Amino acid sequence: MNKVTDRRHATLYRAYRPQGWGEVRGQEHVVRVLEASIKNKKIAHAYLFSGGRGTGKTSVARILARELGVTPNDIYEIDAASNTGVEDIRELREGAHVLPLESPFKVYIVDEAHMLSRSAWNAFLKTLEEPPAHVIFIMATTERDKVPETVQSRCEIYSFKKPTREILSQAITDVAKKEGYSLERSAAELIALLAEGSFRDALGILQKVLAVSKDKKIDAEEVELVSGAPRAELVRDILSALAKKDSSAALGAIQKTVSENMDSRVLVKLLIHRMRVVLLLRLAPDVAESLAQEFGEADVELARKLSKEPGVNSNTMRALLEAYAQMAYAAVPHLPLELAVIDICQTA
């Protein structure tokens with residue numbers, strides 16, 4: 001159990017962690033209610049923050065504590081992943097009854113709360129039912145279903161949403177600028193796509209890119225180099241081959257990504273993302289134009305050219321989605337994509 005400090009670490013995620021409500025992105029539904037509860041002095045004794053990794057749960061927990069006038073000396077963080085037992089909870093219970101050092105409340109932030117053992121939860125439950133008036137518990141979890149219902153029923157529950165790619169892209173662009181770098185839009189979009197809705201992962205990728213960049217301008221190729229993402233040229237080749245139902249060209253391009261040891265699931269994710277825009281350009285141009293702004297000029301020009309090709313249809317998109325789902329447990333990672341290509345190109 002460690003007291004929170006305000007020291008900034010080398011990692012971008014820690015250095016640019018939100019320090020106030022106005023800096024929290026993509027969680028307006030959570031911030032709005034918490035701000036109102038503080039203003040109306042309706043503070044719960046226990047909160048459960050649930051959502052994907054890197055969505056800002058512990059950052060919001062710290063902000064909530066600070067907004068309640070709690071200083072770092074009275075904020076305690078517990079990593080439930082490494083403090084799972086009854087003895088750890090007993091220490092927490094004993095400490096909870098001690099008055100705050102210098103604040104109106106004592107706040108305990110329990111990260112990865114779902115990792116607590118059943119016996120630890122049982123030991124914790126009594127304190128949650130009748131907590132000292134000066135104590136607030138904030139539990140964060142990525143797996144709410146593993147938190148006992150008896151615990152959930154005693155908490156105010158807030159669900160954190162994954163930020164959109166647009167929000168992630170803007171966030172990392174802003175951070176890069178603060179670090180003295182300019183980030184091309186295509187590079188920002190690629191990082192946002194690879195991060196899968198996690199601010200922490202997005203800034204982690206950005207940090208690696210900044211570390212190897214030889215100048216202050218970051219393009220998509222540098223992101224590809226650092227992340228192992230397939231080269232944009234190969235993605236465009238496969239997309240074109242699928243749209244034209246050219247299995248030989250598509251399978252040849254896929255083999256190149258395999259020989260270069262590129263992540264097959266990332267490849268399919270990029271194909272799905274781009275094929276969606278191509279399909280919408282064909283069926284709903286007005287909708288697609290706004291989405292097309294996420295890409296570079298080369299990708300947008302190609303998408304427009306491919307939108308009338310025979311392979312641009314819902315069956316192609318469905319096959320790619322199925323391939324992506326199957327890759328998680330396939331013995332040969334790229335095999336589901338190869339099968340999808342064959343099906344797409346052979347379908348009349």
**Item:** Any pair with Cβ under 6 angstrom, 6 or more apart, that starts in the range 127-151 at a residue that is surrounded by 15 or more Cβ atoms within 10 Å (Cβ to Cβ) and ends at one that is polar (S, T, N, Q)
**Value:** ALA140/THR58; THR141/SER50; ARG144/SER50; VAL147/THR141
**Asked** With (1) over 23 Å from the mean Cα position of the chain (by Cα); (2) closer than 21 Å to GLU130 by Cβ; (3) not aliphatic (A, V, I, L, M) as the list, and TYR47 as the residue in question, which single condition is left unmet?
**Response** (1)
**Asked** Just a yes or no: is a residue in the range 171-179 touching a Lys or Arg at 6+ places or on another chain (Cβ under 7 Å) and either buried (at least 21 other Cβ atoms within 10 Å of the Cβ) or among the aliphatic types (A, V, I, L, M) (or both)?
**Response** yes
**Asked** Could you say whether any residue in the range 231-252 is assigned to a helix (DSSP H, G or I), among the aliphatic types (A, V, I, L, M) and under 30 Å from GLY52 (Cα atoms)?
**Response** yes
**Qualifying helices (runs of 4 or more DSSP H) (wholly inside the range 9-122; at least 2 residues being without any contact (Cβ under 8 Å) to a residue 24 or more places away in the chain, in the same structural domain as VAL151 (by TED's automatic domain parsing) and surrounded by fewer than 18 Cβ atoms within 10 Å (Cβ to Cβ))** = 12-15, 28-39, 86-96
**Request:** Go through the residues of the range 139-147 one by one and say whether even a single one is of a type outside the set (Ser, Thr, Tyr), part of a helix (DSSP H, G or I) and touching a strand residue (DSSP E or B) at 6+ places or on another chain (Cβ under 6 Å).
**Result:** yes
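The values are calculated or read from the model by the stated rules, or taken from the named source; none is laboratory data. What you see is a predicted model; the values in this text were computed from it and never measured. Please note: Cβ atoms are built from the backbone with ideal geometry, for glycine as well, and neighbour counts cover all protein chains shown.
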